[in-house]
Amino acid sequence: MRPGGFAGLDFPRLQFAAFSILLFVAELLFLSFSRPTAWAITVLTFLCFMYQGWWILPYTRLFSTEVKKITKYNHNDAIRLLIANVLESNRKYQLLLNLIEEEQPDFLATLESNSWWQEKMEVLEKDFPYTIKCPKENRYGMHVYSRFPLTDTKIRYLVEDDVPSMQAELTLPSGKKIQMYVVHPAPPSPTENEESAERDAELILIAKKASKKDKPVIVTGDLNDVAWSYTTRLFRKMSDLLDPRVGRGMFNTFHAEYKFIRWPLDHLFHSKHFLLAKMKRLPAFGSDHFPILVELAYHEEKKEENGEGPEPSSTDEEIAENKLQQKADESPDIDR
């Protein structure tokens, strides 16, 4: 067990909170408070709600925003990103192409995209001339399509031989350069990894890379983890990146078919150089994930208006190093 409880229990905190508050109301209505046990049960239920609510509170409008909103900005200093886990078996590619045509992103990242999806997305290349392609048939393929120049492009296998990540330097029309990372670490599951060690190690490696950059940084992808989990919080602490969802909402992207079982699994984090112009979840297109659209404006002069992300403690740093060391012991060629 890692700090913060069992990994699987991180996911349904919203559902736990909703159930506990409904149970609390029912107890108020139907229990007889002449009995001490009724008081004990009701207080326990309320404490359960408070505990679950503490984790998800930052991803509600009751919390102050971490990334400030901007309405007037130089569009040559802005980037519009669309992130879509396409679901490898999904064949409704035209719906995604329609969304891309409607939303006009500058940067598109697709996850779970295999050779079939690569072929269907070729029509984009006349408008998105800069690409990074890594088709795979194991649900970990990924592709990047960009209107803006990409240089120093790399496909890396940071922890697992069949799970890639991508990185590149993107140049905005103004000439500003951004370090980009696209990730999709494997989740802990009986069919993939029994524990979360592989996912955690990859996220920490990306966090360390991001924290060492003195240029603007954007990290995006499907982290196979919820925004409020201990692992994602640890990533944010170690990377010093901000989350534009804080104070705005959860922007749940999975599962697209089930309204009552949805979590924020697709993420975008960025350095303080950016303010938020737009963020929205897009309509479903046949995948089990909703795509998400984020528009950021580079604004060096106003970056101090942003809030501060969570700070790492010495314990956090020790845990992060232990997670890396654990994988390094198992895989001596791990990219550190």
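The values are calculated or read from the model by the stated rules, or taken from the named source; none is laboratory data. Note that the coordinates shown come from a computational prediction; the quantities given were computed from them, not determined experimentally. Cβ: placed from backbone, ideal geometry, glycine included. Neighbour counts: every protein chain shown. Calculation scope for accessible area: heavy atoms of the full protein, side chains included, ligands and nucleic acids excluded. Shrake-Rupley method; radii C 1.70, N 1.55, O 1.52, S 1.80 Å.
Restricting Glu198, Glu202 to those that are open to solvent by less than 30 Å² (accessible area, probe 1.4 Å), charged (D, E, K, R) and more than 30 Å from Asn74 (Cβ to Cβ) reduces the list to Glu202. For the stretch 207-245, the set of residues classified as farther than 25 Å from Gln15 by Cα, of a type outside the set (Lys, Arg) and in a loop (DSSP other than H, G, I, E, B) consists of Asp214, Pro216, Asp240, Leu241, listed by residue number.
Which residues, counting only those in the stretch 240-280, are in contact with a Phe, Trp or Tyr (Cβ under 7 Å, 6 or more places away or on another chain) and of a type in the set (Gly, Ala, Ser)? Gly247, Gly249, Ala256, Ala277, listed by residue number. Checking the stated criteria, Leu170 turns out not to satisfy the condition of being outside any helix (DSSP H, G or I), open to solvent by less than 30 Å² (accessible area, probe 1.4 Å), touching an Asp or Glu at 6+ places or on another chain (Cβ under 8 Å) and not acidic (Asp, Glu).
What number of residues within the stretch 283-294 are over 16 Å from Asp106 (Cα atoms) and either among the aromatic types (Phe, Trp, Tyr) or outside any strand (DSSP E or B) (or both)? Looking only at that region, the number is 7. Within the stretch 290-313, the set of residues being open to solvent by 10 Å² or more (accessible area, probe 1.4 Å), small (Gly, Ala, Ser) and out of contact with any Ser or Thr (no Cβ under 9 Å at 6 or more places or on another chain) comprises Ser313 only.
The rows are residues; the columns are (1) outside any strand (DSSP E or B); (2) open to solvent by less than 60 Å² (accessible area, probe 1.4 Å); (3) within 23 Å of Lys323 (Cβ to Cβ); (4) modelled with pLDDT of 95 or more.
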site	(1), (2), (3), (4)
Glu101	yes, no, no, yes
Leu108	no, yes, no, yes
Trp116	yes, no, no, yes
Ile132	no, yes, no, yes
Tyr145	no, yes, no, yes
Gly175	yes, yes, no, yes
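Pairs meeting the criteria (first residue in the stretch 58-74 and more than 19 Å from Ser229 (Cα to Cα) and open to solvent by 80 Å² or more (accessible area, probe 1.4 Å), second residue of a type in the set (Ser, Thr, Tyr) and assigned to a loop (DSSP other than H, G, I, E, B), beta carbons under 9 Å, at least 6 apart or on different chains) are Asn74/Ser174. Pairing residues of the stretch 91-108 that are farther than 30 Å from Ser174 by Cβ with residues that are open to solvent by less than 10 Å² (accessible area, probe 1.4 Å) and part of a loop (DSSP other than H, G, I, E, B), at Cβ distances under 7 Å and at least 6 apart in sequence or on separate chains, gives Lys92/Phe285; Leu95/Phe285.
Out of everything in the stretch 44-57 that is open to solvent by 80 Å² or more (accessible area, probe 1.4 Å) and not aromatic (Phe, Trp, Tyr), what residue ends up being farthest from Ala17 (Cα to Cα)? Selected residue: Leu44. The residues on offer are Leu82, Leu22, Leu99, and the sole one that is over 19 Å from the mean Cα position of the chain (by Cα) and under 25 Å from Gly286 (Cβ atoms) is Leu99. Would you check if Phe24 is of a type in the set (Phe, Trp, Tyr), free of Cβ contacts under 8 Å to residues at least 60 places away in the same chain and in a loop (DSSP other than H, G, I, E, B)? Taking the combined requirement at face value, the residue does not satisfy it.
Here Ser239 passes the criteria (1) closer than 22 Å to Thr60 by Cβ; (2) open to solvent by less than 10 Å² (accessible area, probe 1.4 Å); (3) touching a Ser or Thr at 6+ places or on another chain (Cβ under 9 Å) except the one numbered (1).
Note on the stretch 78-88: residues that are open to solvent by 20 Å² or more (accessible area, probe 1.4 Å) and either in contact with a His (Cβ under 9 Å, 6 or more places away or on another chain) or aromatic (Phe, Trp, Tyr) (or both) amount to 1. For the stretch 248-280, the set of residues classified as under 29 Å from Lys215 (Cβ atoms), buried (at least 18 other Cβ atoms within 10 Å of the Cβ) and of a type outside the set (A, V, I, L, M, F, W, C) consists of Arg248, Thr253, Pro264, Asp266, His267, His270, Ser271, Lys272, His273, listed by residue number.
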